[in-house]
């Protein structure tokens with residue numbers, strides 16, 4: 001196979017005038033394409049479009065699944081802004097996201113920079129760093145309770161070596177979120193892999209010319225490496241922020257559910273957990289739908305802000321950025 | 001959307017078999033290097049690098065080792081934080097097997113996982129091919145819509161989706177955990193489309209001259225060439241379906257229908273908090289839930305790493 005074989009999406013040829021036969025071919029291609037795409041179209045209509053519309057409607061009603069939805073206008077939204085638990089869960093979620101996302105990206109970056117120097121062994125370490133990502137989030141929630149146990153957990157045992165009397169991570173409200181954030185850093189392996197891939201894409205010439213100019217290692221990292229991988233860093237900030245706002249399983253496992261009568265859990269009440277409780281434990285489907293829309297708007301606003309801010313910092317190689 | 005074009009060029013056009021050197025093919029064709037050249041490292045810096053990597057290795061592996069080790073300890077020693085159990089016992093596995101219908105939970109999970117992974121791979125491949133191969137009016141708008149659905153928080157569609165399955169009488173069954181995958185999933189459609197775009201068009205023009213129809217071009221040429229991407233999709237979805245807790249929480253009521261993560265949560269509620277304090281059973285059930293994923297990772301390691309690296313190339 002010749003190496004210049006045009007990929008499926010090659011440069012578009014100039015539009016030719018169609019002969020009748022070609023027009024028929026076009027119609028046929030369109031029909032075939034739609035046939036291939038039809039599973040997604042059906043799924044989009046049933047499991048995205050309709051739910052979006054119906055959820056918007058439900059958010060204006062009282063609905064408990066058993067009785068018909070009862071239209072209440074914007075009452076759910078009004079209630080939402082007065083409900084102290086919504087405010088609490090929103091605050092918890094903001095704090096969690098605002099701390100865990102930068103921590104996640106910075107630690108991933110440090111590890112990727114280290115890995116980039118590990119030479120042949122980097123494959124081994126990449127495997128090791130990714131391994132925790134395979135742990136089911138339920139098990140991670142359980143690990144939070146075990147490792148961060150205040151009396152005899154591993155974390156406090158480790159702190160004890162240095163003479164530090166560790167806090168009661170799982171019961172002291174002011175230490176619950178820090179514990180969850182620390183635990184969340186355990187599963188940053190995929191970010192390390194993404195950043196390592198980006199690091200290896202940095203053209204060698206840039207490093208060569210920096211060497212000629214006599215730049216030191218710190219200058220090289222700051223002026224070449226970071227700008228060249230800023231696209232990937234930004235990608236990680238965006239997807240981790242979106243995921244952070246929806247964090248659920250680990251905290252729910254550790255601090256909520258039928259069994260928990262021993263732990264105080266207000267500090268772990270994240271927005272998605274409260275939404276889940278409203279919808280499926282209290283059957284306030286209308287109120288929960290309103291909560292979902294507020295979440296959507298918040299995530300949208302935060303993402304747009306991040307995109308606007310990123311314009312100033314993110315460098316794309318020429319020709320790789322018009323979208 | 002020029003960023004989408006970045007994908008195919010980084011993948012060899014036709015490479016069903018890749019060298020097993022652990023380097024993701026999606027990363028760089030450039031020769032492996034040990035770090036930015038021109039920064040010759042002092043021995044001190046080298047030692048520090050290796051120390052830091054060693055410490056990170058301990059942090060990333062120790063919790064799993066701790067968990068596995070604790071599952072072989074008797075109840076009183078679970079929290080002794082020894083890596084090697086002082087008194088080794090297999091008792092916990094027998095007890096947890098008696099206390100909980102683990103075999104049933106495991107078979108439920110396997111069923112859901114296999115169905116979820118195969119259906120989503122087949123349907124996403126079909127859709128991805130529709131977007132990659134054909135040129136038709138409205139294609140870019142439709143594909144934009146595919147990408148847009150990825151931005152929508154799951155919470156927005158969660159309740160109406162529950163009501164759909166409820167009206168179909170499927171709440172309480174395993175169906176809602178996988179059947180939505182029959183319609184493809186935006187992330188995998190995006191991933192597979194990128195692979196398809198990397199295939200040379202000449203291949204298909206030649207096949208058409210030889211009389212292949214649209215279906216043959218997809219099933220006999222495109223699919224076999226994209227096997228690595230299909231494996232990535234299968235593995236990712238296998239993991240996602242196996243580890244999911246939220247949907248089993250929403251849809252499953254009876255303990256006999258539980259998946260393993262849902263069952264593990266129930267065990268935690270019973271033995272972890274519920275006054276009984278049998279953490280050794282919770283730990284053991286956690287190991288049983290986790291080990292299949294670790295095995296999956298070691299089987300498909302290379303594909304996981306490649307898949308993740310490709311995802312990041314969107315940036």
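The values are calculated or read from the model by the stated rules, or taken from the named source; none is laboratory data. Bear in mind that the values here come from a model prediction, so they are computed numbers and not experimental data. A quick note on method: Cβ atoms are made from the backbone with ideal geometry, for glycine too, and the neighbour counts reach across all protein chains shown.
For the reader, a short list of remarks on this structure follows.
- Search result, residues across the range A:28-57 that are more than 24 Å from residue B:151 (Cα to Cα) and at the interface with another protein chain (Cβ under 7 Å from one of its Cβ atoms): A:29, A:30, A:32, A:33
- Considering the range B:40-85, the residues that are outside any helix (DSSP H, G or I) and at the interface with chain A (Cβ under 9 Å from one of its Cβ atoms) include one that is nearest to residue A:121 (Cα to Cα), namely B:41.
- Residues that are out of contact with any helix residue (DSSP H, G or I) (no Cβ under 8 Å at 6 or more places or on another chain) and either at the interface with chain A (Cβ under 9 Å from one of its Cβ atoms) or under 21 Å from residue B:264 (Cβ atoms) (or both), drawn from the range B:86-113: B:89, B:90, B:91, B:94, B:98, B:107, B:110, B:111
- Filter result for residue A:136 (within 14 Å of another protein chain (Cβ to nearest Cβ), surrounded by 21 or more Cβ atoms within 10 Å (Cβ to Cβ) and modelled with pLDDT of 90 or more): yes
- Qualifying residue in the range A:190-201 (condition: outside any helix (DSSP H, G or I), over 30 Å from residue A:251 (Cβ atoms) and at the interface with chain B (Cβ under 8 Å from one of its Cβ atoms)): yes
- Residue within the range B:140-147 that is farther than 30 Å from residue A:22 by Cβ and either surrounded by fewer than 23 Cβ atoms within 10 Å (Cβ to Cβ) or within 9 Å of another protein chain (Cβ to nearest Cβ) (or both) present: yes
- Residue match in the range A:157-177 (condition: surrounded by fewer than 20 Cβ atoms within 10 Å (Cβ to Cβ) and under 17 Å from residue B:67 (Cβ atoms)): yes
- Those residues of the range B:59-109 which are under 21 Å from residue B:239 (Cβ atoms) and surrounded by fewer than 16 Cβ atoms within 10 Å (Cβ to Cβ), in sequence order: B:61, B:65, B:107
- Selection status of residue B:112, surrounded by 20 or more Cβ atoms within 10 Å (Cβ to Cβ) and under 25 Å from residue A:49 (Cβ atoms): no
- Selection status of residue B:268, crowded, with 21+ Cβ neighbours inside 10 Å and without any contact (Cβ under 8 Å) to a residue 24 or more places away in the chain: yes
- When the range B:148-159 is limited to residues that are in contact with a helix residue (DSSP H, G or I) (Cβ under 6 Å, 6 or more places away or on another chain) and farther than 14 Å from residue A:275 by Cβ, the one that is nearest to the other protein chains (Cβ to nearest Cβ) turns out to be B:149.
- Looking across the range B:165-217, just one residue is over 24 Å from the mean Cα position of the chain (by Cα) and buried (at least 22 other Cβ atoms within 10 Å of the Cβ), and that is B:199.
- Residue ID - nearest to residue B:287 (Cα to Cα), chosen from residues in the range A:140-155 that are within 10 Å of chain B (Cβ to nearest Cβ), out of contact with any helix residue (DSSP H, G or I) (no Cβ under 6 Å at 6 or more places or on another chain) and surrounded by fewer than 23 Cβ atoms within 10 Å (Cβ to Cβ): A:149
- Lone qualifier among A:249, A:241, A:221 - being more than 7 Å from every other protein chain (Cβ to nearest Cβ) and closer than 26 Å to residue A:300 by Cβ: A:241
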